[in-house]
1. From Leu307, Leu328, Leu363, which residue is in contact with a helix residue (DSSP H, G or I) (Cβ under 6 Å, 6 or more places away or on another chain), touching a residue at least 60 places away in the same chain (Cβ under 8 Å), assigned to a loop (DSSP other than H, G, I, E, B) and not polar (S, T, N, Q)?
2. Does Ala543 count as among the small types (Gly, Ala, Ser), on the phi < 0 side of the Ramachandran plot, free of Cβ contacts under 8 Å to residues at least 60 places away in the same chain and crowded, with 19+ Cβ neighbours inside 10 Å?
3. Does Leu312 meet the test of being at pLDDT 90 or above and not in a helix (DSSP H, G or I)?
4. Does at least one position in the stretch 510-523 carry a residue that is within 18 Å of Glu594 (Cβ to Cβ), modelled with pLDDT of 90 or more and surrounded by fewer than 21 Cβ atoms within 10 Å (Cβ to Cβ)?
5. Can you give me the number of residues within the stretch 197-213 that are surrounded by 13 or more Cβ atoms within 10 Å (Cβ to Cβ) and either within 17 Å of Asp255 (Cβ to Cβ) or under 32 Å from the mean Cα position of the chain (by Cα) (or both)?
6. Specify which of the listed residues (Leu122, Leu51) is in contact with a Lys or Arg (Cβ under 9 Å, 6 or more places away or on another chain), modelled with pLDDT of 60 or more and either closer than 30 Å to Leu303 by Cβ or assigned to a helix (DSSP H, G or I) (or both).
7. Take the residues of the stretch 214-254 that are assigned to a loop (DSSP other than H, G, I, E, B) and among the hydroxyl-bearing types (Ser, Thr, Tyr): which is surrounded by the fewest Cβ atoms within 10 Å (Cβ to Cβ)?
Amino acid sequence: MPAAHTMDLDVATLTDFLGSCAPFDALEPTELARIAAHAVVERYEAGDVVLDAFDARVAELFVVWEGRVDVWINTDRLTELPDKTEGTGGLFGYVAALTGAALRPRAVAVGRVVVVRLPADLVAPVFASRRGARFLAQEVWSTNQRAVGVPAYTLVDDLVAHAPLVVDAGASIADAALRMAQADLGYAAVRIAPGRFGLVTDASIRDVVAAALPTTAPVAEIMDPAPPMVPLGASANEALIRVLERAADVVLVTDRAGGLCGAVGPMDFVVSSTTAGAALHEQLRRATTVTELEHRYRGVPQLIGDLMARGLASSRAITVHSALVDTLVRRAIQLVVAAHPDLDVDSFTWLSLGSNGRREAVLSSDIDAAVSFANGMSADEIASYRPAFLEITQVLERAGLNHDRHGVSPVNPEFARTHRQWEAAARGWLSRPTEDDAVIKTCLLVDGRPIHGDLTLPEVARVFGDLRLHPSTMQVLLAISVDRPRTPRGRWRRKQFDLKRQALLPIANIARWAALSAGSPALQTQERLRAAASSRMLSAEDADTLDDVFEIVQRMRLRSQLEQFRSGETPSDTLRLRDLSSIEVSVLDEAIGEITAIQRRMANLARFVPDLRG
């Protein structure tokens, strides 16, 4: 590289400058001054290579003081246009500097440019702060993993291939079916009010025919009154998530004024380079044998890794994964029960529990589940389904999911009851929350979500509809929420670190209790935190902190499990110290401190305000 011209800038000026640049703007002036005192300021001319981390290991990161630099992050695209351009205040070289590896980037001066070189060992702690960790999560990992030559996202606008078909709510079912056939579309939007639409699909029409219902009835009687919708400008990934979450045939696309622009279905995503995995979802839904289903699902980890590589936030990637787990379970139930003519697939509701119920399933998650049968089923009749439930569990295990070691499975008679039996059991847990595993079962069912059968609120969930009326149970849930890990902060560094037990589970417990206290029906941890923010027990600041920490740790967890999967290891929640960078160690230590501080504040407040315990 050509020789750079060193320049002199006083520490005070550099301190002020760094204080205006993320993530340094979170530091105190004294810490900024200490970093500035070790900075080196250099000037480069047009075309000079400022940094080439593809060929050399570096121990510094760079901040643009004046001018611009072009940055390339892929070795096979150095002859093409730069991946990005950094101007004043822009950072580059931090991946190579923080990891100590010759990873990237190549940075070339655009005209005359002045840069500030900062020693990596001094600035690494900056990235351990919440603000720094968020900066890394947003800027580093997606860039570091992004596939070569593939755009970060595609807009849903690019997937709308046909003008929408809209019918009036009073149109007959037969008329809607005719117009759908004439337009060669598998759906029709039903106009309800300005900016509001229902939805009828080929499946809706088939149900009418199968039930021998009159086709002269208004189409409004069979429409979905609240179909999934996204606006123009939304990413294709977001639209895909809506399809997966609802197992929907289509998602409607509207303009900003609420006008209908069209619709996209699962197969439309195949044309999008960033959501080609939607084809996998369709393959799971249409699998004709359990062997095919198991084979198809084994491609899911690769899909999730691809979505992460293309820049999808970890929370959304986990939502996609959870939706695909739902699809796998539903299809496994259908295929297995169909092989038992003496069983009725409609006689029970399958509940996903725990992390699956919260739509937070990752590669290490267990298959926590229960079934609720129609009232009137005898014990012998319920027992006759047990072999099929065992087969379903075995299909899921062969596909790659983990069997719950604690027996939270429909194979266990304790988790296969009638609606009325579940209701009685739930009332018993609420009346005696400290006995046996009552509170654990309460947490499982509170996080429960029906994915097959009666998708309306099951009886057991109605019992938990207002836990605030059960102060003894709320008090036990609070005790679990503020129970801090026995290992003091920092001591875990000499051992393995369990991301679930030591970081994520405490946040999930806090979020569950806080949301229930606020009367929110939310299931996902981050949604629960937002619903409970600004309550008497969880301030908006604490909720925001836990939200950030949860996102950061979940991303580390998912990335680690994807790496384990690629290496042929069984994905786990445990990280070994030797596998962590210094920045990851600092981030985790900071996360434990944040969680512990919030738990301590909650415990102290509950002690002085007894009625908050429930």
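The values are calculated or read from the model by the stated rules, or taken from the named source; none is laboratory data. Quick caveat, the model's predicted, so the values are computed rather than measured. FYI the Cβ positions are ideal-geometry reconstructions off the backbone, even for glycines, and counts take in every protein chain you see. All accessible areas refer to the heavy atoms of the entire protein, side chains included, with ligands and DNA or RNA removed. Shrake-Rupley method; radii C 1.70, N 1.55, O 1.52, S 1.80 Å.
1. Values: Leu307 fails: assigned to a loop (DSSP other than H, G, I, E, B); Leu328 fails: assigned to a loop (DSSP other than H, G, I, E, B).
Going through Leu307, Leu328, Leu363 in turn, the sole match is Leu363.
2. Details: among the small types (Gly, Ala, Ser): yes; on the phi < 0 side of the Ramachandran plot: yes; free of Cβ contacts under 8 Å to residues at least 60 places away in the same chain: yes; crowded, with 19+ Cβ neighbours inside 10 Å: yes.
Against the criterion (among the small types (Gly, Ala, Ser), on the phi < 0 side of the Ramachandran plot, free of Cβ contacts under 8 Å to residues at least 60 places away in the same chain and crowded, with 19+ Cβ neighbours inside 10 Å), Ala543 qualifies.
3. Numbers: at pLDDT 90 or above: no; not in a helix (DSSP H, G or I): yes.
Against the criterion (at pLDDT 90 or above and not in a helix (DSSP H, G or I)), Leu312 does not qualify.
4. The answer is no; no qualifying residue exists.
5. Going through the stretch 197-213, the residues surrounded by 13 or more Cβ atoms within 10 Å (Cβ to Cβ) turn out to be 197-202, 204-205, 208, 213.
Of the ones still in play, those that are also either within 17 Å of Asp255 (Cβ to Cβ) or under 32 Å from the mean Cα position of the chain (by Cα) (or both) are 197-202, 204.
So the count comes out to 7.
6. Working: Leu51 fails: either closer than 30 Å to Leu303 by Cβ or assigned to a helix (DSSP H, G or I) (or both).
None of the other options fit; the residue is Leu122.
7. Restricting attention to the stretch 214-254, the residues satisfying the condition of being assigned to a loop (DSSP other than H, G, I, E, B) are 214-217, 222-223, 225-228, 232-234, 247-250.
Imposing the further condition that a residue be among the hydroxyl-bearing types (Ser, Thr, Tyr) reduces the set to 215-216.
On the way: Thr215: 17, Thr216: 9.
The qualifying residue surrounded by the fewest Cβ atoms within 10 Å (Cβ to Cβ) is Thr216.
Residue-by-condition table, conditions (1) within 22 Å of Pro571 (Cβ to Cβ); (2) of a type in the set (Phe, Trp, Tyr); (3) in a helix (DSSP H, G or I):
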site	(1), (2), (3)
Val336	no, no, yes
Ser355	yes, no, yes
Gln394	yes, no, yes
Pro410	no, no, no
